[in-house]
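The values are calculated or read from the model by the stated rules, or taken from the named source; none is laboratory data. All values derive from a computational prediction rather than experimental measurement. A quick note on method: Cβ atoms are made from the backbone with ideal geometry, for glycine too, and the neighbour counts reach across all protein chains shown. Remember, those area values only see protein heavy atoms, side chains included, never the ligands or the DNA or RNA. Shrake-Rupley method; radii C 1.70, N 1.55, O 1.52, S 1.80 Å.
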Amino acid sequence: EPEVTQTPSHQVTQMGQEVILRCVPISNHLYFYWYRQILGQKVEFLVSFYNNEISEKSEIFDDQFSVERPDGSNFTLKIRSTKLEDSAMYFCATDREGYGYTFGSGTRLTIV
Amino acid sequence: AQSVTQPDIHITVSEGASLELRCNYSYGATPYLFWYVQSPGQGLQLLLKYFSGDTLVQGIKGFEAEFKRSQSSFNLRKPSVHWSDAAEYFCAVGGLTGGGNKLTFGTGTQLKVEL
């Protein structure tokens, strides 16, 4: 069964540094998403991406965050000037028009 | 705005007993409904989903869920729980828009199974 691959599985970054989380979507999926889950809390939507542009973003997704598909295969989430409260599990998900929603296994980001 | 309520934060059942996890949603159009399971430190595994058609949906690991539009509910059931079912369960609602299918998750129900 096709999988969404996320790298790295764990990332420790110093506060104030930039971090890039990577995702390889399922090849025939058209919609891409990032979600996050702070430890012990629910999964929260960050952003959706379709046709090479952001289609929707939450209030969490401020100017500190950005997404792109730099090479047509990878889908990345960049967090600039990280803060302690950015520590969370970040999930990439891809979707084939609502019928094939699949999550990756996540990247655990720890800001120290 | 879409929302999901999982009223039970923690549930404890004995192994072999039946299970029902409650989920109520709010969504302005036809919802897409999902149940996911998450073991500690792990990712989200899809148990089942409802898009349309038969309101009783069968999933993996012997789980099923019933969509009741009149009650805005999508409760998850299992007739006989196994110790390995101990995990956190999340209900989610979404729906197609021009930009995709944003999911809104509930706060989760932590299931403990007593041997």
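Just one of the numbered conditions (1) within 24 Å of A:Tyr50 (Cα to Cα); (2) small (Gly, Ala, Ser); (3) within 14 Å of chain A (Cβ to nearest Cβ) is not true of B:Gly41; which one? Every listed condition holds for B:Gly41 apart from (1).
Of everything in the stretch B:1-50 that's exposed (fewer than 13 other Cβ atoms within 10 Å of the Cβ), in contact with an Asp or Glu (Cβ under 9 Å, 6 or more places away or on another chain) and in contact (Cβ under 8 Å) with a residue 60 or more places away in the chain, which residue is farthest from B:Ala86 (Cα to Cα)? Going through the qualifying residues, I end up with B:Ser14.
Restricting A:Thr110, A:Thr82 to residues that are assigned to a strand (DSSP E or B), of a type in the set (S, T, N, Q) and open to solvent by less than 70 Å² (accessible area, probe 1.4 Å) narrows the list to A:Thr110.
Filtered by the rule that a residue be open to solvent by 30 Å² or more (accessible area, probe 1.4 Å) and not in a loop (DSSP other than H, G, I, E, B), the stretch A:12-35 gives A:Val12, A:Ile20, A:Arg22, A:Val24. Restricted to the stretch B:64-112, and to residues there that are among the small types (Gly, Ala, Ser), open to solvent by less than 30 Å² (accessible area, probe 1.4 Å) and outside any loop (DSSP other than H, G, I, E, B), the residue that is farthest from the other protein chains (Cβ to nearest Cβ) is B:Ser73. A:Glu97 - would you say it is assigned to a loop (DSSP other than H, G, I, E, B) and at positive phi? Considered against the rule, which asks whether it is assigned to a loop (DSSP other than H, G, I, E, B) and at positive phi, A:Glu97 comes out as yes. Only one entry in A:Phe32, A:Phe91, A:Phe49 is within 10 Å of another protein chain (Cβ to nearest Cβ) and in contact with a Pro (Cβ under 7 Å, 6 or more places away or on another chain), namely A:Phe32.
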